Amino acid sequence: SYDVHVYFFQTDQAQLRQARELQDEIRGKFPQFKIKVWDKPIGPHGIGNFEVNLMKHEDFVEFVTWIPLNRRNFSVLIHPNTGNPLRDHTAHAMWIGQKQVLNLSVL
């Protein structure tokens with residue numbers, strides 16, 4: 001499986017609105033995907049983000065080709081879930097947009 005994290009500044013009302021709009025767009029286009037939302041830093045993620053879980057290869061191909069063109073200006077982290085969270089969030093990670101600083105000490 002893969003996780004796609006879309007980062008937003010949780011204290012910025014305009015970004016919160018845009019993030020919610022993007023979540024709604026994703027839910028409408030990809031109703032099969034589970035989306036988790038964190039409006040505060042959690043784990044290695046230093047700002048708010050929402051996570052889209054991709055469980056099948058077909059989902060990965062469809063979403064990872066869609067999100068670069070539809071992310072607005074949000075930073076996006078795509079990483080596998082191999083059982084090694086540190087490596088998944090670093091060596092195996094892909095970024096779209098500006099790379100965010102992660103707190104790797106919690107991994």
Rounded to a whole %, the carbon-and-sulfur portion of the accessible area of the stretch 2-96 at a 1.4 Å probe is 52 percent
Residue by residue through the stretch 87-92, the couplings from Karplus 6.51 cos²θ - 1.76 cosθ + 1.60 with θ = phi - 60°, in Hz, x for Gly and Pro, are 5, 4, 8, 10, 4, 9
Connecting every pair of Cα atoms under 10 Å apart in the chain and solving the GNM, the largest mean-square fluctuation among V61, V37, V52 falls on V61
Which residues qualify? For G48, with a placed amide H closer than 5 Å and at least 5 residues away or on another chain, they are F8, Q10
Cα-only Rg/Rh for the chain with Kirkwood Rh rounds to 0.93
Length gained, V37-H92, 0.36 nm per residue minus C-alpha separation, equals 17.5 nm
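The values are calculated or read from the model by the stated rules, or taken from the named source; none is laboratory data. Small disclaimer: the values here were computed from a predicted structure and weren't measured. The area values use the complete protein model at the heavy-atom level, side chains included, leaving out ligands, DNA and RNA. Shrake-Rupley method; radii C 1.70, N 1.55, O 1.52, S 1.80 Å.
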